[in-house]
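Enquirer: Take this structure first; my questions come after.
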Amino acid sequence: MPRMLDVSDEVRAEIGDEEADRLLTGDNAPGSYDCTSCRTAGDTEQERTSTVLFVGKETAVLAFAHASCVPSQVVPVPEEQLQGAVRSINGQADAASAPVPTIPAPTQQIETLPRQAVLGVTSGLVLISGDLYPALVVEPTEPIVRPGTDGPEDEFLTLLTEQGFVPVGHLKEAPADNPGWSVLLVTGLLHAVLQPGPGVKPTAWWQAHQPLQVTDDWRATVNRTKKVLVFAAPVGTIGAQPREDLLAEALERAAAAGLLVGAAMPLAGT
């Protein structure tokens, strides 16, 4: 039976006309699925459905999402991250059926960067002018010096402003967009913050060692806003806050002290 599938030109180019036609005729597409974006049930026979192809260096995973959540697209993913996503869905070949566990907010991931600097990344919701936004807060565990120097000045914020982040003096309005940057979610898990690369494809500025779980509320909010606010502060400014209200207070203090930069980034992936 024909399916109500959207197969974009870029997805068709990756999987080939023959496979795309098999999907559209229902020969190689599921009837029901779990949306890879909002994680609720979908039906390719009853509602418009997007095909989403996650592509690594050697691995590709085809997933399905409500067309109202995300358009059909190809999402470049680092190979090791895609392999991690495959492992996280309990060995199932179809990422669209992957169960996504939930944990209390906020959540935190620590990742080692070049020069042995370590970034802490915390997810949470922030309230700005009465609207909720999904946010990531980035704070290193030691001073960040300019590449090629030995310091001693911490230039973390200076380096980020040179990359398009803007100083945040208060949380009364969302920071401006940073073109070329994006936040990568794969099957509802946080994988990376991407920056413009030397070629066509972006590169990872921050990349999770293991995919980072986010809460249902965070995921639902990002599905609505289609963007993530990324804030950054120097070491020792924010700290590990156990609740989102305390995280917001720490952000306000950092902003008032001139120790906060931020940028709005679109969601890459689902």
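Enquirer: Just want the ordering: Ile15, Ile238, Ile128, from fewest to most Cβ atoms lying within 10 Å of their own Cβ. Intermediate values should be presented prior to the final figure.
Expert: Values: Ile15 19, Ile238 23, Ile128 16.
With the sparsest Cβ surroundings first, the list reads Ile128, Ile15, Ile238.
Enquirer: To continue, here is another question. Multiply the residue separation of His170 and Ala60 by 0.36 nm, subtract the distance between their alpha-carbon atoms, and state the gained length in nm to one decimal.
Expert: Result for the pair: 35.4 nm of gain on full extension.
Enquirer: Multiply the residue gap between Asp17 and Leu132 by 0.36 nm, knock off their C-alpha separation, and tell me the result in nm, one decimal place. Don't skip to the answer; put the middle values down first.
Expert: Numbers: separation 115, 0.36 × 115 = 41.40 nm, distance 4.16 nm.
Taking Asp17 through Leu132 to full extension adds about 37.2 nm, to one decimal.
Enquirer: Return a whole-number percent for the relative contact order of region 160-230, with Cα pairs under 8 Å and 6 or more residues apart as the contact set.
Expert: Values: 72 pairs, mean separation 15.2, N = 71.
Relative contact order of region 160-230: 21 percent.
Enquirer: Checking the cross-link filter: which lysines have an alpha carbon closer than 16 Å to that of Lys201, excluding same-chain neighbours under 8 positions apart?
Expert: Counting by Cα, and skipping residues close in sequence, Lys201 has these lysines nearby: Lys57.
Enquirer: Would you please give the residues with an amide H less than 5 Å from that of Ile128, counting only those at least 5 places away or on a separate chain, with H modeled from the backbone geometry?
Expert: Under 5 Å from the amide H of Ile128: Tyr133.
Enquirer: Can you pull the one-decimal nm distance between simple spin-label points at Ser32 and Arg146, each 7 Å off the Cα toward Cβ?
Expert: 6.0 nm
Enquirer: Could you give the length gained by full extension between Gln163 and Glu47, i.e. 0.36 nm per residue of separation minus their alpha carbon distance, to one decimal place? Don't skip to the end; give the middle numbers.
Expert: Working: separation 116, 0.36 × 116 = 41.76 nm, distance 4.09 nm.
Full extension of this stretch gives 37.7 nm more.
Values quoted throughout were computed directly from the atomic coordinates according to the rules given, and no laboratory measurement underlies them. No experiment lies behind these values; they were computed from the predicted model shown. Backbone-built Cβ (ideal geometry, glycine too); neighbour counts: all protein chains shown.
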